[in-house]
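Asks: Structure in structure tokens, see below.
The values are calculated or read from the model by the stated rules, or taken from the named source; none is laboratory data. Everything numeric in this text was worked out from a predicted model, so none of it was measured. Counting neighbours? That spans all protein chains shown, and the Cβs are built from the backbone with ideal geometry, glycine included. Protein only, heavy atoms only, side chains kept; ligands, DNA and RNA dropped before computing areas. Shrake-Rupley method; radii C 1.70, N 1.55, O 1.52, S 1.80 Å.
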Amino acid sequence: AYGNRARERADLDQYDAALKDYDLALKYDPNNAIDYNGRGYLLHKMKRYDEALNDYNTAIRQNSSIGNAYMNRGTTYETLGLYEDAVRDWERQIEIEGASRVEWWQEITKKYGGHYTGPIDGVYGQSTRDAITACARDPNC
């Protein structure tokens, strides 16, 4: 229940309240990889990147089949300028979820006005890696 309320509060930009709910959720269920991933995403939005990475790492240790945790960790790596780590995580997301799921994430992100920072068309070639690295350094990309 606390995890669900945390997600709702995060969607309403009530970050402090959401964080308290995630903390409670994980106190009562410390093996909940979904809530670690969710709290990591919230911490990223709060610009608390090291804490976000810790939560993504915990989520992945607990359940390495959550592709979304790799996508989120990759986005945090990108924010920190760790582009190779970001690409590695996004590639892992593709291995887990497949290209169709990645394309779905792209559409959802575009629909809500965001900038998708994950695999392009579900695959990476060297030219795509180079483009991602260049684009990640350019805020106008």
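Asks: Quick check on segment 61-80: of everything there that is within 15 Å of Arg39 (Cα to Cα) and in contact with a His (Cβ under 8 Å, 6 or more places away or on another chain), which residue is most open to solvent (accessible area, probe 1.4 Å)?
Replies: Thr75
Asks: Which residues, counting only those in segment 38-50, are in a helix (DSSP H, G or I) and within 12 Å of Leu19 (Cα to Cα)?
Replies: The answer is Gly38, Arg39, Gly40, Tyr41, Leu42, Leu43, His44, Lys45.
Asks: Quick one: in segment 2-33, which of the residues that are outside any helix (DSSP H, G or I) and not polar (S, T, N, Q) is most open to solvent (accessible area, probe 1.4 Å)?
Replies: Looking at the filtered set, the residue picked out is Leu12.
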